[in-house]
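Here you go, one structure.
The values are calculated or read from the model by the stated rules, or taken from the named source; none is laboratory data. Quick caveat: nothing in here was measured; it's all calculated off a predicted structure. Backbone-built Cβ (ideal geometry, glycine too); neighbour counts: all protein chains shown.
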Amino acid sequence: MPLHEQVAAAIRRAIAEGEARPGERLPPARDLAAVLGVNANTVFRALRTLREEGLVEFRRGRGVSVTGIAPQRSPVVAKARELVAVARRYGFRPEELAEIIEQVSWEVP
């Protein structure tokens with residue numbers, strides 16, 4: 001697993017276990033990097049992933065805060081990323097992938 005995903009997983013776990021509650025600010029990325037023993041850019045990349053998942057939000061001048069969205073959404077986002085990667089490898093455009101998902105959604109009970 002890439003290092004930034006390991007960092008993201010550690011933050012997801014902290015959110016899921018209540019160590020970081022909705023509305024709370026996370027420590028600065030540089031501080032997290034020092035504690036985790038990784039480069040700050042790795043933490044920034046992990047935080048961007050978590051922002052895309054809706055788990056954290058970036059606030060100008062206020063840092064990174066935990067949202068109220070549950071981490072259970074994370075596995076779905078991870079699988080969606082895998083699906084997009086496979087579709088790109090086979091030359092599918094996003095619109096085509098969306099059509100396939102729509103078709104399959106009617107087939108799954």
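Looking at the structure I just gave you, is G61 more than 11 Å from the chain's Cα centre (by Cα) and in a loop (DSSP other than H, G, I, E, B)?
The answer is yes for G61.
Another one. Suppose the filter is over 21 Å from Q6 (Cβ atoms), in a helix (DSSP H, G or I) and modelled with pLDDT under 90; does S74 pass it?
Spelling it out, it is not the case that S74 is over 21 Å from Q6 (Cβ atoms), in a helix (DSSP H, G or I) and modelled with pLDDT under 90.
Right, something else. Tell me the residue from V104, V7, V43 that is in a helix (DSSP H, G or I), β-branched (V, I, T) and within 11 Å of the chain's Cα centre (by Cα), please.
Result: V7 is the single residue among V104, V7, V43 that is in a helix (DSSP H, G or I), β-branched (V, I, T) and within 11 Å of the chain's Cα centre (by Cα).
Can you find, within region 33-51, the residue that is nearest to L3 (Cα to Cα) among those that are modelled with pLDDT under 95 and among the aliphatic types (A, V, I, L, M)?
Only one residue fits best here, namely L36.
Kindly establish whether E82 is surrounded by fewer than 13 Cβ atoms within 10 Å (Cβ to Cβ) and touching a strand residue (DSSP E or B) at 6+ places or on another chain (Cβ under 6 Å).
no
Would you check which residues across region 11-40 are loosely packed, with under 14 Cβ neighbours inside 10 Å and assigned to a helix (DSSP H, G or I) and list them?
Answer for region 11-40, where residues must be loosely packed, with under 14 Cβ neighbours inside 10 Å and assigned to a helix (DSSP H, G or I): R13, R30, D31, A34, V35.
Which residues, taken from region 1-32, are of a type in the set (G, A, S), in contact with a helix residue (DSSP H, G or I) (Cβ under 8 Å, 6 or more places away or on another chain) and at pLDDT 90 or above?
Listed by number, the residues that qualify are A8, A10, A29.
Which pairs turn up if I take residues in region 6-21 that are assigned by TED's automatic domain parsing to the domain that holds V43 and free of Cβ contacts under 8 Å to residues at least 24 places away in the same chain and look for partners that are in a loop (DSSP other than H, G, I, E, B) and surrounded by 13 or more Cβ atoms within 10 Å (Cβ to Cβ) with beta carbon separation below 7 Å, at least 6 apart in sequence or on another chain?
A14/A20
To continue, here is another question. How many residues does region 87-101 contain that are of a type in the set (G, A, S) and assigned to a helix (DSSP H, G or I)?
Looking only at that region, the number is 2.
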